[in-house]
1. Calculate the FRET efficiency for B:GLN23 and A:HIS319 from the Cβ-Cβ distance with a Förster distance of 35 Å, rounded to the nearest 0.05.
2. Considering only protein heavy atoms, what per residue accessible area in square angstrom results for the protein assembly as shown with a 1.4 angstrom probe?
3. What's the center-to-center distance, using Cα atoms, between region A:102-151 and region B:182-202 in Å?
4. Quick check on region A:18-66: take the gyration tensor over C-alpha atoms, sort the square-rooted eigenvalues as a ≥ b ≥ c, and tell me if it's rounded (a/c under 1.5), prolate or oblate.
5. What is the local net charge at A:GLN303, summed over the other residues whose Cβ is closer than 15 Å to its Cβ (Lys, Arg +1; Asp, Glu -1)?
6. State, in square angstrom and to the nearest 100, the accessible area buried between chains B and A, both chains counted, probe radius 1.4 Å.
7. Could you give the length gained by full extension between A:LEU263 and A:ARG142, i.e. 0.36 nm per residue of separation minus their alpha carbon distance, to one decimal place?
8. For chain B, what number results from the quotient of the Cα radius of gyration and 2.2 N^0.38 Å?
Amino acid sequence: MRIEDTLSSAAHTLTAHATRSWLTLLAVALGSAAVVLLSSLGEGARRYVLDEFTQLGTHLLIVIPGRNETTGGPPPLLGETPRDLTLQDALALLRSPHIARIAPVAVGEAPVSAGSRSREVTILGSTSDYRAVRNLALAAGRFLPPGDPERAPPYAVIGQTLAEELFGSANPIGARIRIGDRRFRVIGLLEASGVSLGSNLADLALIPVSAAQALFDNPALFRILVQARGRSALDAAQDDILAIIRARHDGEDDVTVITQDALLGTFDRILGALTLAVAGIAAISLAVAGVLIMNVMLVSVSQRTAEVGLLKALGAREHDILGLFLSEALLLAAAGTAAGISLAYLGVALFNSQVAAFALAVPPWAPLAAATVSLGTGLIFGLLPALRAARLDPVAALAGH
Amino acid sequence: MIELTGIERRFQVGDTEVRALRQIDLTLADGDYAAVMGPSGSGKSTLLNILGLLDRPNAGRYRLDGVETTTLDEEARARLRRERIGFVFQAFHLVPRLTAFENVELPLVLAGMAPRPRRERVRQSLAAMGLTARAGHRPDQLSGGQRQRVAIARATVTEPGLILADEPTGNLDRAAGEDVVAALEALNNKGLTLIVVTHDPALGERARRRIQMDDGAIL
Ligand SMILES: Nc1ncnc2c1ncn2[C@@H]1O[C@H](COP(=O)(O)OP(=O)(O)OP(=O)(O)O)[C@@H](O)[C@H]1O
Ligand SMILES: [Mg+2]
């Protein structure tokens with residue numbers, strides 16, 4: 001029997017039993033749509049998170065005090081306590097040829113007031129390079145000026161929420177504010193840019209790092225942000241940071257360097273695995289659709305027993321019959337998958353046109369996986385009924401039993 | 001040329017064994033016309049199924065056109081059915097969702113023939129049965145006699161040498177039955193071997209050879 005005759009004959013049979021074909025097709029379509037939609041949700045989440053991290057700045061390394069046990073190395077000596085990271089540590093890092101910029105960060109909470117209004121917010125102490133390292137945009141005014149970080153003028157750059165709370169709709173640039181018991185002049189307004197790595201950039205005040213140290217009466221830095229000279233310099237920069245700090249800290253490795261890439265890689269892996277898991281769960285619905293296919297095929301075989309007997313009398317071989325019934329199962333699966341995947345793409349396009357904050361993204365493997373799983377289940381669950389049909393005894397089949 | 005020697009067919013029903021065919025010896029020349037007759041349960045259909053290679057005997061030999069068939073595998077037997085044998089059944093056995101044309105086309109489709117020559121052969125077969133005007137009709141739109149003539153067109157479309165008909169007029173009234181018998185006899189006149197199982201003595205009389213069966217044996 002020619003393959004095109006097998007297929008057209010199978011298609012003819014399916015259309016002759018339209019209702020049950022449509023229902024099975026629907027089940028397969030829903031299953032494959034679920035696989036594609038859920039994995040596009042996971043992929044969308046992954047891209048969203050990666051995007052957020054990339055917004056932090058490029059070629060970023062983060063130096064934090066204390067050794068992270070998971071980074072390996074010999075265990076710390078008994079009684080060792082990590083030394084604080086100081087502004088001098090931070091400035092010393094600029095000696096490395098692989099490091100473009102550094103931004104020391106001191107963090108605390110303090111009340112900020114202007115006139116009669118007051119608000120307790122995060123105070124971030126840093127230097128003028130913080131802007132370039134973090135890729136920050138200003139809505140108005142200017143950023144902290146460059147210069148000796150030890151002797152910086154009392155300027156502040158504030159976030160949008162803080163500005164509204166303190167000044168309403170009035171222009172905050174040039175206004176005087178108090179942070180704790182110190183006076184500052186507002187010179188810049190940050191552009192609203194949402195939440196980034198846990199800090200709400202809209203609700204904070206940025207002041208020179210020396211001012212923050214004095215304000216909190218603490219010379220220790222919260223962390224140092226380092227920007228390497230390009231992606232290829234990341235490893236060398238990391239080595240240099242460790243070497244410079246070790247030399248300054250009496251030969252002890254008491255800091256941890258996190259590269260943005262490592263962080264990104266971790267999130268990438270976690271979210272990638274999550275996407276796969278979700279898609280896997282959706283694939284179970286395809287297996288259910290496979291059971292439906294098997295049921296439909298079994299009914300079809302038992303209703304067409306006499307027909308199978310006739311085909312055998314007319315000279316059909318076992319593999320002709322097998323091919324006919326398997327084609328039916330595969331056509332159902334294929335049509336269902338095509339419909340389901342189209343439906344999913346339509347749904348994704350519709351969602352993305354309506355929702356701006358979050359974009360669904362169909363990972364390229366998702367439609368492939370959906371098609372493979374559904375054709376696979378079609379084949380597996382279609383095989384038993386098809387084999388049953390192919391092995392019918394012609395005389396008994398012609399008699400209808 | 002059909003040569004049966006010592007054919008035995010037994011069925012196990014529970015504890016008892018039914019001997020449907022006992023030591024059948026039978027030789028039919030090409031172009032023969034034989035009527036198989038006998039009471040119900042005498043083994044007529046069983047004999048026809050063995051002749052048609054739908055069933056295998058428990059013992060004995062069956063040579064068809066010089067080929068020993070009892071030792072052939074299923075694939076080879078399917079091929080012989082496809083090329084040498086045409087069946088006509090009492091219950092017609094037309095596929096209900098297919099048109100007359102498509103039903104007649106089935107054996108050629110199974111034989112893997114290309115669509116173009118296939119259509120020509122089907123047209124000729126239908127025309128020979130006087131069914132050209134009914135080609136696009138489905139079985140439920142045809143009379144009993146027309147259905148059986150579609151079945152005969154299907155049985156002959158592959159140009160087999162042997163036609164096996166199991167009570168072909170059993171479901172038909174007299175007039176339609178006579179049409180069908182005439183169609184079958186016309187084929188025999190063109191040289192096809194024709195074996196008809198029938199209960200109808202009048203039909204049996206018309207055959208050149210009568211094979212009378214009783215309790216699995218030829219009398
Ligand atoms: N598959 C089977 N299993 C058990 N017994 C069978 C089977 N097929 C036929 N028989 C038995 O073999 C015998 C011959 O049956 P067969 O169908 O050949 O009779 P028949 O001459 O065609 O009868 P009828 O005129 O009623 O069609 C009967 O006794 C029948 O019960
Ligand atoms: Mg019978």
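The values are calculated or read from the model by the stated rules, or taken from the named source; none is laboratory data. Since the model is a prediction, treat every value here as computed from it, not as a measurement. A quick note on method: Cβ atoms are made from the backbone with ideal geometry, for glycine too, and the neighbour counts reach across all protein chains shown. When the accessible area is computed, the model is the full protein with side chains, heavy atoms only, and any ligands, DNA or RNA have been set aside. Shrake-Rupley method; radii C 1.70, N 1.55, O 1.52, S 1.80 Å.
1. Numbers: r = 36 Å, r/R0 = 1.03.
Approximately 0.45, to the nearest 0.05.
2. Values: 28220 Å² over 620 residues.
Roughly 46 Å² per residue, with all protein chains present.
3. 107
4. Numbers: a/c = 9.45, a/b = 4.87, b/c = 1.94.
Prolate shape, in that a/c is at least 1.5 and a/b is the bigger ratio.
5. Working: positive: A:ARG20, A:ARG304, A:ARG388, B:ARG97; negative: A:GLU307, A:GLU328.
After counting each charged neighbour, the total is +2.
6. Numbers: alone 10630 and 19720 Å², together 28220 Å².
Buried area between the two chains comes out at roughly 2100 Å².
7. Numbers: separation 121, 0.36 × 121 = 43.56 nm, distance 3.09 nm.
Extending this stretch completely gives an extra 40.5 nm.
8. Details: Rg = 17.3 Å, N = 219, 2.2 N^0.38 = 17.1 Å.
Taking the Cα Rg and dividing by 2.2 N^0.38 Å, one obtains 1.01.
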